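The values are calculated or read from the model by the stated rules, or taken from the named source; none is laboratory data. None of the values given here were measured: they were computed from a predicted structure. Quick reminder, even Gly has a Cβ in these numbers, built from the backbone with ideal geometry, and neighbours come from all protein chains shown.
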Amino acid sequence: MLRHRPHGVEHPYAVSPDQRNPVLPEAGQPVRLGVVADPGVTDVTCEWVRWHGPDEASSTVLTLSRAVTDGADAAALAGGEGHLAEAQAEASTADGGGWEVVTEPVVAGASYRYRFHAVADDGRKDSTGWFEFVPARWVQGAGMLTLDAAQPHTAREDGNGPSTDGPHPAGGAAERLIDGSVEWLVADGTVHRARFALRLKPDEHVVGFGERFDAVDQRGRTLDAVVFEQYKAQGRHGRTYLPMPFAHVVSESGSGWGFHVRTSRRTWFDVGAATPERLVVEVALGGTADESVEVGMYHGSPSEVLAAFTDEVGRAEELPSWVFRLWASGNEWNTQRIVMERMDSHRDLDIPVGVVVIEAWSDEQTFAVFGEDVWPDPKAMVDELHDRGIKVILWQIPLLKTRHELGADVPDDAPVIAYGEELVRDGHAVLEADGTPYHNRGWWFPQSLMPDLSVQRTRDWWTDKRRYLVRDLGVDGFKTDGGEHAWGHDLRYADGRRGDEGNNLYPVHYARAYGDLLRSEGKAPVTFSRAGFTGSQAHGVFWAGDEDSTWEAFRSSVIAGITASACGIVYWGWDLAGFSGDVPDPELYLRAAGAACFMPIMQYHSEFHHHEPPLRDRTPWNVAERTGDQRVVPVFRRFAHLRERMVDYLAEQARIAIDDGRPLMRGLFVDHPRDPAVWRYPLQFQLGDSLLVVPVVEPGVEDVVAYLPEGEWVDVWRDVRHTGAAEVTLPAPIDQPPVLCRAEHWPALKEVFAPE
């Protein structure tokens, strides 16, 4: 009749109806206790006991009331709106019948236990077992913080202030750590979190924390680092698929620095929001009596900081130049006929395409469907696409459906049922704390099983079942979608990690597994992921995930590209002009295409819409037909041809980025950290060493005010020279997005921009 889970479903941003909040109460905090009750329950009470010592206790009966659903929590638990609305609606109502009570503030030095009792309208009664906790307190001296400056300098804090071993360089780690700021959250002798503060100077800007959608400079903001599937509007919510506990601190007046919290557990950051001169870092720990935190400290320019960081965590592997051609896909391209019709249209309209991403080849049960009316001859299709110079990327998901989604009509001897039984029987599943298989708690593929990709044996087992796709059919890469499905602090992974330190690493293992499969068959490790964490730098291509077709999402995606690149992601792109909702208006579509033409990966994609008319494909011809704007096809064609001519340049610049750690797509602060003016133009970026891009991210624009850093620059469309360290007004016609080239590199690139 009753369900209470202290941690709830463990959604990182929402409170479940059956949860204790906070999970680990601090002394002085009230506690919200929630339960979910069966229909018919009319009364719920909580037996609340406070222990003051071994022989002293007080007991109170608390009466619960019907919970008032928090709209933000309900929406978060449901996952958002979109083509999986039915699954979301089911998720949002699954925890109906919530009851809650808020206690008085808990007291330091006491311990608490509680249980719930219910009475139903038919007289039945039920009680839960007992739950216990000890309030936590922030104290000093309960753990060890190490600030490692990489060159022989280490600062340590043991509760008595920092001390240093070895030389103390200017701007070193000990200088940055604020005396007395290191604290440890302790409950009943175990340590659960650490926090400390690093000193920020007035002229310093903070960039990084993985792929971020809300701002390039995070100073003045609060954020965290946990892998999460935020379906659309990431910029408004401040959440990301690809976080990292790493950031640059860029100084206008001297040498900059950066830091990396060497953990895969969740971290939180107050970047001068509460106190302008303090960057406060909070780190989740393992809950033992002996805990420590290690922070890598790097000094120098943004390029030097990034090189040192990626030397430590890994750098991208050079991929073949075809990844820099146009990528095309649509979620409704779910038959062989449709795929070939779209590629025929590209050919007939002279819009060169280099990669097609097929999202519907798999039936989401991890087995391909090769029916006569669906994919009658996939091998012949792949061969023909290869003959046309088009590579094939195939969608994947690291989940295996169960009867929750398959339904009763699937026979017991169906391959997917046997596959699930093998996954569990042979020890390849992520497990709950009690050793039972974990079932996905999120709204997408709810209740699916997850392969434990933390170890090589399961990575091999999982990918061997897909080997025929590469070996026999010739697939060139995989869209490694998802990867954010592990919720639970106490999940068990075969590599020995619990969920609190293994969940963030799941998408890293996932992309690695498919990259290894491709390598083993003589292919380049081209994976196309949206989720990741520290270490993802070494694994393939990334895109910014799900977004609406809006100008706001366009701006957020540019920010995402700049910040992801600042953390070592070399091969990055986005669904140009967004993938969700009706087709974008032609101005947004062409402005987005013009910007994407000058990003590491140029690709379009569209969300599934059940083939309901009118068609929502993001192909240029469909946008033209839907909007009646006849500029769309010829302008997009021009960008696609320009992109073809840029492939050699992009491949060369990617090689440089990998060799020395500099971003391929980089904000102006990377090469010009001491120029204060660059921060007024956060959406401008350089593409490699030569090109400066000014994306037009507002409607109705005929020209733009841009900032050119020091040096000589050439307008690539007009061959007009400008002197830098100055603002300039640049024409911005729809077919000529403002782009400039360093003057010394212009002779080598002039032919790329020559009129067709």
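Laid out as a table, the results:
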item: Verdict on Arg466 being within 24 Å of Pro320 (Cα to Cα), modelled with pLDDT under 95 and of a type in the set (D, E, K, R); result: yes
item: Of the criteria (1) under 21 Å from Arg457 (Cα atoms); (2) among the small types (Gly, Ala, Ser); (3) in a helix (DSSP H, G or I), which one Gly522 fails; result: (3)
item: Selection from region 477-519 of residues that are closer than 16 Å to Ala225 by Cα, surrounded by fewer than 22 Cβ atoms within 10 Å (Cβ to Cβ) and of a type in the set (A, V, I, L, M, F, W, C); result: Trp487
item: 1 or more residues modelled with pLDDT of 95 or more, polar (S, T, N, Q) and under 30 Å from Glu304 (Cα atoms): qualifying strands (runs of 3 or more DSSP E) within region 41-159; result: 144-148
item: Selection count where residues are among the charged types (D, E, K, R) and under 23 Å from Arg425 (Cβ atoms), scope region 443-496; result: 11
item: Extreme residue, nearest to Glu727 (Cα to Cα), among residues of region 691-706 that are free of Cβ contacts under 8 Å to residues at least 40 places away in the same chain and among the charged types (D, E, K, R); result: Asp703
item: Residue in region 43-56 that is under 21 Å from Ser127 (Cα atoms), among the acidic types (Asp, Glu) and surrounded by 14 or more Cβ atoms within 10 Å (Cβ to Cβ) present; result: yes
item: Residue ID - farthest from His611 (Cα to Cα), chosen from residues in region 361-376 that are in contact with a Ser or Thr (Cβ under 8 Å, 6 or more places away or on another chain) and modelled with pLDDT of 65 or more; result: Trp375
item: Residue match in region 726-739 (condition: in contact (Cβ under 8 Å) with a residue 24 or more places away in the chain, under 19 Å from Ser565 (Cβ atoms), outside the structural domain of Ile559 (by TED's automatic domain parsing) and buried (at least 18 other Cβ atoms within 10 Å of the Cβ)); result: yes
item: The one condition in (1) touching a strand residue (DSSP E or B) at 6+ places or on another chain (Cβ under 7 Å); (2) over 27 Å from Glu252 (Cβ atoms); (3) surrounded by fewer than 19 Cβ atoms within 10 Å (Cβ to Cβ) that Val293 fails to fulfil; result: (3)
item: Index of the failed condition, Trp713 passing every other in (1) more than 31 Å from the chain's Cα centre (by Cα); (2) in a loop (DSSP other than H, G, I, E, B); result: (2)
item: From Asp490, Asp464, Asp472, Asp460, residue being under 24 Å from the mean Cα position of the chain (by Cα), in the same structural domain as Trp375 (by TED's automatic domain parsing) and of a type in the set (D, E, K, R); result: Asp490
item: Single match in Ala657, Ala743, Ala677 (criterion: hydrophobic (A, V, I, L, M, F, W, C) and out of contact with any helix residue (DSSP H, G or I) (no Cβ under 9 Å at 6 or more places or on another chain)); result: Ala743
item: Which numbered condition Thr563 fails, given (1) assigned to a helix (DSSP H, G or I); (2) within 24 Å of the chain's Cα centre (by Cα); (3) surrounded by fewer than 24 Cβ atoms within 10 Å (Cβ to Cβ); result: (3)
item: Subset of region 572-608 (residues that are of a type in the set (A, V, I, L, M, F, W, C) and either in contact with a Lys or Arg (Cβ under 8 Å, 6 or more places away or on another chain) or farther than 20 Å from Arg530 by Cβ (or both)); result: Leu576, Ala577, Phe579, Val583, Leu588, Leu590, Ala593, Cys597, Phe598, Met602
item: Test result for Val752, of a type in the set (Val, Ile, Thr) and assigned to a strand (DSSP E or B); result: no
item: Meets criteria (in contact with a Phe, Trp or Tyr (Cβ under 9 Å, 6 or more places away or on another chain), hydrophobic (A, V, I, L, M, F, W, C) and within 25 Å of Phe542 (Cβ to Cβ)) for Leu749; result: no
item: Hits in region 515-548 (condition: acidic (Asp, Glu) and either farther than 21 Å from Ser329 by Cβ or in contact with a His (Cβ under 9 Å, 6 or more places away or on another chain) (or both)); result: Asp516, Glu521
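Here's the yes/no breakdown for (1) assigned by TED's automatic domain parsing to the domain that holds Leu285; (2) among the β-branched types (Val, Ile, Thr); (3) in contact with a strand residue (DSSP E or B) (Cβ under 9 Å, 6 or more places away or on another chain); (4) on the phi > 0 side of the Ramachandran plot:
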{"residue": "Glu175", "(1), (2), (3), (4)": "yes, no, yes, no"}
{"residue": "Leu198", "(1), (2), (3), (4)": "yes, no, yes, no"}
{"residue": "Gly208", "(1), (2), (3), (4)": "yes, no, yes, yes"}
{"residue": "Phe213", "(1), (2), (3), (4)": "yes, no, no, no"}
{"residue": "Gln218", "(1), (2), (3), (4)": "yes, no, yes, no"}
{"residue": "Arg221", "(1), (2), (3), (4)": "yes, no, yes, no"}
{"residue": "Lys232", "(1), (2), (3), (4)": "yes, no, yes, yes"}
{"residue": "Gly235", "(1), (2), (3), (4)": "yes, no, no, no"}
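Every residue, every condition in (1) within 17 Å of Met602 (Cβ to Cβ); (2) touching a residue at least 24 places away in the same chain (Cβ under 8 Å); (3) out of contact with any Lys or Arg (no Cβ under 9 Å at 6 or more places or on another chain), yes or no:
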residue: Val632; (1), (2), (3): yes, yes, yes
residue: Phe639; (1), (2), (3): yes, yes, yes
residue: Val647; (1), (2), (3): yes, yes, no
residue: Asp660; (1), (2), (3): no, yes, yes
residue: Arg674; (1), (2), (3): no, yes, yes
residue: Ala677; (1), (2), (3): no, yes, yes
residue: Asp689; (1), (2), (3): no, yes, no
residue: Leu708; (1), (2), (3): no, yes, yes
